[in-house]
Amino acid sequence: MSSSPPRLLLASIHDVSPRFDTEIAALKDIVAEHVGNCMAMLVVPNHWGDAPIIPGSAFATRLRSWADQGVEIFLHGFYHRDDASYDGAADRFRARFMTASEGEFLGLSRADARGRIAAGRGLIEDVIGRPIDGFIAPAWLYGVGALEALQDAAVPIAEDHFRIWSPASGAILAKGPVITWASRTRLRLASSLLAAAALRHAPIEVLRVGVHPPDVRHPTLVRSIGKTFKSAARARRPARYSELLN
């Protein structure tokens, strides 16, 4: 009788940028305690337009070193900031209130999204000396133009809140929510703690855990992150996103 495939644990650090250099280093230590270098870093080429990754800089050197150690490198938008205008009330609400104007790829046209993907990809690949492993939109928000641009660019892997897929092939690689934390308000912080406590025990085949720089500023979130990884790692094998392509 064949055994069922092992459940997997995918870890990611978001908003990797010189702006959050200290926080990223702290998050890497927290995550690596549970998964080693089996993690993804979601890199923003120029966070909010004033924190560029400069080839040859100390940060760029660290980024290449992480990639050399086996950390997967994903492009995570270009600016992370959403400057688009929206006609629909639902998109305006998602863009302005749900994500604090950080859903950069929600309102972009196909051409604009394609241009930012190409520019960001070129920069990051030059820095790390290898192809990026995929693309994940800021705040996990994609407009129609972004989805079309990802397919045009044949990006191997992308994800949103509820699935991982391959824009290059159109295949769905995994389904299930991602565990993440929020700290902009006390209500968001409390609700994310409750969600993490519930989801880390859920029977999800591929469990994703994503952390952000502001998380390290809140001891309660750091404790929850540690508990989540410890619980998830007991019943799951730390994996890389690229394994799903197989």
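Calculated accessible area for region 116-181 comes out at 37 Å² per residue, all protein chains present (probe 1.4 Å; ligands, DNA, RNA ignored). Measuring how big the chain is from its alpha-carbon positions, Rg and Dmax come out at 17.2, 57 Å.
Taking amide hydrogens as placed 1.01 Å from N in the peptide plane, the amide H of R7 sits under 5 Å from those of R237, each at least 5 positions away in sequence or on another chain. Each other residue within a Cβ distance under 14 Å of L245 adds +1 if Lys or Arg and -1 if Asp or Glu, for a net charge of -3.
Solvent-accessible area of D83, all protein chains in place: 110 Å² (probe radius 1.4 Å, heavy atoms, ligands and nucleic acids excluded).
Rounded to the nearest Hz, the phi-derived 3J(HN,Hα) couplings of region 177-191 under the Karplus curve 6.51 cos²θ - 1.76 cosθ + 1.60 (θ = phi - 60°) are x, 9, 7, 8, 10, 9, 9, 5, 9, 4, 5, 5, 4, 5, 5, where x marks glycine and proline. Local charge for R7 was computed over the other residues whose Cβ lies under 11 Å away, with Lys and Arg +1 and Asp and Glu -1, and equals +2. As a calculated quantity, the FRET efficiency between A111 and A171 at R0 = 22 Å, using C-beta atoms, amounts to about 0.30.
Phi angles of region 23-31 translate, via the Karplus equation with coefficients 6.51, -1.76, 1.60 and θ = phi - 60°, into HN-Hα couplings of 5, 5, 4, 5, 5, 4, 5, 5, 5 Hz per residue; Gly and Pro are given as x. All other residues with a Cβ under 12 Å from the Cβ of A58 taken together, and with Lys, Arg as +1 and Asp, Glu as -1, what is their net charge? Here the count lands on +1. Figure legend: label point modelled 7 angstrom from the Cα of R7 along Cα→Cβ; residues of region 146-179 with amide N under 15 Å from it are 175-179.
Applying the Karplus relation 6.51 cos²θ - 1.76 cosθ + 1.60 with θ = phi - 60° to region 163-170 yields 3J(HN,Hα) values of 7, 10, 9, 10, x, 5, 10, x Hz, where x marks Gly and Pro. Heavy-atom accessible area, probed at 1.4 angstrom with all protein chains present, ranks R223, R208, R114 as R223, R114, R208, highest first. Extending 7 Å from the Cα toward the beta-carbon at both R184 and N37 defines two label points whose distance is 3.5 nm. With q set to 0.15, 0.17, 0.20 Å⁻¹, the log10 of I(q)/I(0) for region 118-194, from the Debye formula over equal scatterers at the Cα positions, is -0.64, -0.77, -0.92.
Quick one: which residues, 5+ away or cross-chain, put their amide H under 5 Å from the amide H of M41? H built at 1.01 Å from N. For M41, whose amide H was placed from the backbone, the distant partners under 5 Å are I13, E72, I73, F74.
Largest mean-square fluctuation among E104, E33, E148, in a Gaussian network model of the chain whose springs join Cα atoms under 10 Å apart, belongs to E33. The H on the amide N of G134, modeled in the peptide plane, is under 5 Å from the matching H of L75, each at least 5 residues off or on a different chain. Take each peptide in 41-51, 65-75, count the other Cβ atoms within 10 Å of every residue, and average; sorted highest first, the result is 41-51, 65-75. Protein heavy-atom surface of region 100-246, 1.4 angstrom probe: 56% of the accessible area is carbon and sulfur, with nucleic acids and ligands not counted.
Report the antiparallel proportion of the DSSP beta bridges in the chain as a percent, rounded to a multiple of 5. Of those bridges, close to 25 percent are antiparallel.
The values are calculated or read from the model by the stated rules, or taken from the named source; none is laboratory data. Just so we're clear, the structure is a prediction, and the values are computed from it rather than from any experiment. Heads up, the Cβs are rebuilt from the backbone with ideal geometry, glycines too, and the neighbour counts pull from every protein chain shown. For the accessible areas, the whole protein counts, side chains as well, though only heavy atoms, and no ligand, DNA or RNA atoms are used. Shrake-Rupley method; radii C 1.70, N 1.55, O 1.52, S 1.80 Å.
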